[in-house]
Amino acid sequence: MMKAIVAERYGTPDVLEYKEVAQPEPKSNELFIQVHAAALNALDWHLLRGMFLVRPKMGLLKPKASILGADVAGVVVAVGADVTQFEPGDAVFGNIFQTGLGALAEYVCTTEDRVVKMADGMLYEAAAAIPVAGVTALQSLRKGEVKAGQKVLVNGASGGVGTYVVQLAKLLGAEVTGVCSTGNIELVRSLGANHVIDYTVQDFTKDGKQYDVIIDVVGNYKVKALKQALHPEGVAVVVGFTSVGLLLHTMLLGSWRQRKGKQRIGLLDTKMTQDDLEYLRDQVMAGKLTPAIDRRYQLPEAIEAMHYLSTRKAKGKLVITV
């Protein structure tokens with residue numbers, strides 16, 4: 001048996017319970033991992049609430065997998081017969097979403113393609129804060145074809161994904177403008193942003209400035225507004241959404257497939273890869289990338305952490321120590 005944070009039905013964080021459940025059993029192609037740290041993402045909130053987009057896969061009336069948590073860092077306890085990349089004792093981290101029960105537990109099973117080895121001296125909390133947000137940020141910049149010297153705006157620069165986008169865009173040599181609230185201005189500046197816009201006093205879509213690339217982590221603007229802030233040949237990559245209506249609006253009116261020489265706006269479909277996890281790990285260990293951790297919680301406090309996540313006020317990542 002093991003302790004875990006369990007959601008047996010969809011709803012608010014109030015449906016979560018800290019309780020004892022059966023340990024998962026690894027299949028022949030899986031690792032059995034003792035969890036040392038996990039991290040929360042907007043993904044966990046959407047799964048907990050049972051958004052209509054996730055229910056066909058995660059369960060129409062109640063969750064098929066009752067333990068949330070995609071980001072994990074821990075130690076391999078055992079491996080299945082078909083596992084070739086890892087052995088017991090390896091410290092690993094990755095994104096276990098879609099591979100069964102989640103990381104808000106003492107133990108978890110996952111296939112070997114979802115994790116990579118941690119570097120010597122790497123902290124479990126830092127590693128757990130990387131996978132979903134870090135890979136999403138990296139792939140959003142790749143889809144935006146960001147190059148040195150370009151003007152890049154990050155809407156939602158102080159959040160879990162946004163804090164990585166700002167740093168990675170700077171690594172690529174871009175001139176970065178971060179959009180955040182008043183209380184997060186200093187954080188965004190500390191991450192390397194060249195300019196910071198306080199959205200409570202200024203609307204970047206109406207100030208007349210244009211950008212080569214916009215990474216919209218929040219998803220609170222319509223396509224027309226984003227186009228006003230884009231260079232005539234600019235690219236906007238939309239990562240998150242504040243409402244289903246805006247999601248559908250972008251899907252219908254986004255123009256990603258337009259020919260070159262025109263503005264392109266489209267959605268990001270993040271795909272977890274070991275290469276991207278290893279790249280992010282190496283940048284962290286080289287001191288070029290820093291996971292921005294807002295608050296740390298123990299496993300029994302993960303319900304409190306989910307309540308805080310629901311406020312959308314987190315600065316960077318929320319980490320759960322197991």
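For the chain, what is the calculated [θ] at 222 nm in deg cm²/dmol (nearest 500), taking -39500 (n - 2.57) for each run of four or more DSSP H residues and dividing by its residue count?
Numbers: 10 runs with 85 residues, N = 322.
Using -39500 (n - 2.57) per qualifying helix, the result is -7500 deg cm²/dmol.
For region 92-187, what mean projected area does the convex hull of the alpha carbons give, in nm²? Intermediate results must be reported in sequence, preceding the final value.
Numbers: hull surface 31.6 nm².
Averaging across all directions leaves 7.9 nm² for the Cα convex hull.
Ignoring ligands, DNA and RNA, what accessible area per residue does the chain give at 1.4 Å, in Å²? Spell out each step's value before the answer.
On the way: 14490 Å² over 322 residues.
In whole numbers, the chain has 45 Å² accessible per residue.
How far is helix 274-285 tilted off the main Cα axis of the chain, in degrees rounded to 10, range 0 to 90?
Long axis of 274-285 versus the principal axis of the chain: about 80 degrees.
How far, in degrees from 0 to 90, does helix 160-171 lean away from the longest principal axis of the Cα atoms of the chain, to the nearest 10?
60
Per 0.36 nm of contour for each residue apart, how much would the distance between Glu145 and Gln202 grow if the chain were fully extended, relative to their Cα-Cα spacing?
17.8 nm
Return one number: the angle in degrees, 0 to 90 and rounded to the nearest 10, between the long axis of the Cα atoms of helix 131-143 and the longest principal axis of the Cα atoms of the chain.
Roughly 30 degrees between the two axes.
Taking all protein chains as present, what is the carbon and sulfur share of the accessible area of region 78-125, in % to the nearest whole number, probe 1.4 Å?
Details: 980 of 2080 Å².
C and S atoms contribute 47 percent here.
Work out, step by step, the length gained on full extension between Asp120 and Met285: first 0.36 nm times the residue separation, then minus their alpha carbon distance; give nm to one decimal. Walk me through the numbers before you get to the answer.
On the way: separation 165, 0.36 × 165 = 59.40 nm, distance 0.90 nm.
The span from Asp120 to Met285 would gain 58.5 nm if fully extended.
Along the principal axes of its C-alpha atoms, what lengths does region 27-169 span, in descending order and rounded to whole Å?
Cα spread of region 27-169 along its principal axes, largest to smallest: 49, 43, 23 Å.
If r is the Cβ-Cβ distance from Glu17 to His46 and R0 is 22 Å, what FRET efficiency results, to the nearest 0.05?
Details: r = 20 Å, r/R0 = 0.89.
Efficiency, rounded to the nearest 0.05: 0.65.
If I build a Gaussian network model for the chain, linking alpha-carbon pairs within less than 10 angstrom, which residue out of Gly89, Gly69, Gly134 has the largest mean-square fluctuation?
Taking springs between Cα atoms under 10 Å, the residue moving most is Gly89.
The values are calculated or read from the model by the stated rules, or taken from the named source; none is laboratory data. Fair warning: this is a prediction, and the values are worked out from it, not measured in the lab. Heads up, the Cβs are rebuilt from the backbone with ideal geometry, glycines too, and the neighbour counts pull from every protein chain shown. Ligands, DNA and RNA are excluded from the accessible area calculation, which covers all protein heavy atoms including side chains. Shrake-Rupley method; radii C 1.70, N 1.55, O 1.52, S 1.80 Å.
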